[in-house]
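Notes for the one structure printed next.
The values are calculated or read from the model by the stated rules, or taken from the named source; none is laboratory data. It should be emphasised that the depicted structure is a prediction, and the values quoted were computed from it without experimental measurement. No Cβ is skipped: glycine too gets one built from the backbone with ideal geometry, and neighbour counts run over all protein chains shown. Side chains are part of the model used for accessible areas, which takes the heavy atoms of the whole protein and leaves out ligands, DNA and RNA. Shrake-Rupley method; radii C 1.70, N 1.55, O 1.52, S 1.80 Å.
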Amino acid sequence: MAMWKGSLRLFLSRYLHTTASAQKGPVNTKDVLSKLRKKTGFPFSQCSNALRKHDYDLEKAEAWMRKQAIKEGWAQATKLQNRPMSHGLIGVMEEKNSAVVVEVNCETDIVARNEQFHKLTSRVTSACFEYVKSQPQNKISLTNDQMNALVGSDGEPLKDVVAMAIGNIRENLAVRRAVGLNATGNSYIHHYVHTLSNCPEIYGKCKLGRNGSVVVFKSVFNRDRTDKVVKNLGHQLCVHVVGMKPKTIGSKEDKPCENGDLETRIIFQEFLLDTGKTVGEFLQENNIEIVDFAQFECGEELPEEKKTPVDEPDKQEGVANVN
């Protein structure tokens with residue numbers, strides 16, 4: 001009888017110990033390793049090391065890895081900051097009456113097609129979109145410094161998100177610029193993205209490509225339009241903006257350029273989808289007006305980034321070097 005009671009106590013002791021252990025941490029280490037890898041995107045070896053350090057506590061391991069990634073990412077970013085970036089992606093997001101177009105740069109085309117870079121571009125675009133739609137202005141332009149200061153949905157500043165991506169991808173990366181538009185009143189908003197081969201057209205809610213545009217337009221006579229008509233008109237205007245790269249809308253009181261190839265005002269440009277008419281004539285036929293537009297091409301030279309020729313040293317004074 002005493003022997004039986006002793007065996008029972010031993011059995012219960014082992015059972016309770018096993019149950020408590022199961023409640024404290026994951027039974028399947030491969031499963032938790034896979035979850036951490038999926039959540040962070042870091043190599044299995046780093047995930048495994050983090051889990052061992054924290055007794056396979058998923059939350060603690062993830063927090064520690066992100067802290068280490070930010071630290072390593074900033075160190076890597078400092079080393080790579082002067083390396084040129086001529087590749088990247090344009091991200092566009094539209095919802096209801098707001099839209100944003102964003103540019104994120106990298107060094108090589110290979111990275112531009114990398115899923116980690118797609119995820120980064122999507123996170124940056126999403127953070128910019130949330131900011132734009134919360135603002136009362138119809139148009140908001142963001143510099144790289146302003147973008148880096150934004151906080152994503154996960155609570156992390158974009159500057160740290162980019163730093164982590166640099167540490168992981170091992171290539172110089174940077175957010176470059178963003179423009180957001182908000183349509184008000186009887187205005188409509190539409191977007192278009194010229195996609196990149198071997199690159200997903202959509203990542204999450206973000207559309208990715210090399211060129212992107214957003215156009216806000218309205219009916220002249222406050223006419224109600226069906227969604228199909230609005231979408232078709234918006235698509236045609238956005239495709240034109242991407243293809244012809246106008247700089248301004250222009251005014252009917254202005255005179256068009258004698259050389260149509262040099263025309264930068266959209267209403268005087270030859271309509272890309274029907275070269276027998278101008279954009280202004282297309283607008284008049286459909287009783288619509290362009291309110292505003294934005295267009296980005298990845299890697300294009302911006303006016304403020306044009307360098308002063310070397311043979312004019314006196315004009316170089318005070319010019320900022322923008323990477």
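When the pairs Lys30/Lys159; Lys60/Lys205; Lys67/Lys133; Lys255/Lys277; Lys96/Lys228; Lys38/Lys133 are compared against a 21 Å limit on Cα-Cα distance, Lys30/Lys159; Lys60/Lys205; Lys67/Lys133; Lys38/Lys133 fall above it. Given R₀ = 51 Å, what would the calculated FRET efficiency be for Ser153 paired with Gln284, taking r from the Cβ atoms and rounding to 0.05? That pair, Ser153 with Gln284, gives E of 0.75. Remark: region 158-220 carries a charge dipole of roughly 120 debye about the Cα centre, counting +1 on each Lys and Arg Cβ and -1 on each Asp and Glu Cβ.
Taking square-rooted eigenvalues a ≥ b ≥ c of the alpha carbon gyration tensor, is region 169-274 rounded, prolate or oblate, where a/c under 1.5 means rounded and, failing that, a/b exceeding b/c means prolate? Walk me through the numbers before you get to the answer.
On the way: a/c = 2.04, a/b = 1.34, b/c = 1.52.
It comes out oblate by the Cα gyration axes.
Against the criterion of solvent-accessible heavy-atom surface with a 1.4 angstrom probe, Met244, Met85, Met93 sort, most first, into Met244, Met85, Met93. If the chain linking Asp145 and Glu115 were pulled fully straight, counting 0.36 nm for each residue of separation and taking away their Cα-Cα distance, it would gain 8.3 nm. Scalar couplings 3J(HN,Hα) for region 188-201, obtained by applying the Karplus form with A = 6.51, B = -1.76, C = 1.60 to θ = phi - 60°, are 10, 10, 8, 9, 8, 10, 8, 6, 9, 4, 6, 10, x, 5 Hz; x denotes Gly and Pro.
For region 92-168, the alpha-carbon radius of gyration amounts to 1.11 times the rule-of-thumb value 2.2 N^0.38 Å expected for a compact globular protein. Converting phi to 3J(HN,Hα) with the Karplus coefficients 6.51, -1.76 and 1.60 and the offset θ = phi - 60°, region 112-120 yields 4, 9, 7, 4, 5, 6, 4, 5, 4 Hz in sequence order, with x at every glycine or proline. Rounded to the nearest whole Hz, the Karplus-based 3J(HN,Hα) values (6.51 cos²θ - 1.76 cosθ + 1.60, θ = phi - 60°) of region 280-292 follow the sequence x, 5, 4, 5, 5, 4, 9, 6, 10, 10, 7, 8, 6, with x at glycine and proline.
Per the Debye formula on identical point scatterers at the alpha carbon atoms of region 257-308, with no solvent, log10 I(q)/I(0) at q = 0.17, 0.24 Å⁻¹ is -0.70, -1.01. Taking amide H as placed 1.01 Å from N in the peptide plane, Tyr188 has its amide H under 5 Å from the amide H of Phe217, Lys218, each at least 5 places away in sequence or on another chain. For region 123-193, a/c is not less than 1.5, where a ≥ b ≥ c are the root eigenvalues of the C-alpha gyration tensor, and a/b tops b/c. That puts it in the prolate class. Proximity of backbone amide H atoms, modeled 1.01 Å from N, is registered between Asp292 and Val216 at under 5 Å, excluding neighbours fewer than 5 places apart on the same chain.
Would you work out the charge dipole size for region 124-280 about its Cα centre, treating the Cβ of every Lys and Arg as +1 and the Cβ of every Asp and Glu as -1, and quote it to the nearest 20 debye?
Working: 20 positive and 16 negative charges, 57 e Å.
With only Lys, Arg, Asp and Glu charged at Cβ, the dipole is about 280 debye.
For region 156-217, the orientation-averaged shadow of the C-alpha convex hull comes to 6.0 nm² (one quarter of the hull surface). Hey, if you put +1 on the Cβ of every Lys and Arg and -1 on every Asp and Glu Cβ in region 145-298, which of Gly155, Gly250, Ile267 ends up farthest toward the positive end of that dipole? My answer, from the dipole projection, is Gly155. Solvent-accessible area of region 80-177 (1.4 angstrom probe, protein heavy atoms only): carbon and sulfur portion equals 45 percent.
Simple spin-label estimate for Asp224 and Lys67 gives 5.8 nm between the two label positions (7 Å along the Cα-to-Cβ direction from each Cα).
For Ile202, the residues 5 or more places off, or on other chains, whose built amide H falls under 5 Å of its own are Leu208. Using a Debye calculation, one point per C-alpha and no hydration shell, please list log10 I(q)/I(0) for region 102-260 at q = 0.09, 0.19 Å⁻¹ in order. Evaluating at q = 0.09, 0.19 Å⁻¹ gives log10 I(q)/I(0) of -0.36, -1.28. Here region 172-213 is scanned for amide nitrogen atoms under 20 Å from the site 7 Å beyond the Cα of Lys231 along Cα-to-Cβ, giving 183, 187-195, 201-208, 213.
Straight-line cross-link partners of Lys35 among the aspartates and glutamates, defined as a Cα under 16 Å from its Cα and at least 8 positions apart when in the same chain: Asp55, Asp57, Glu59, Glu62.
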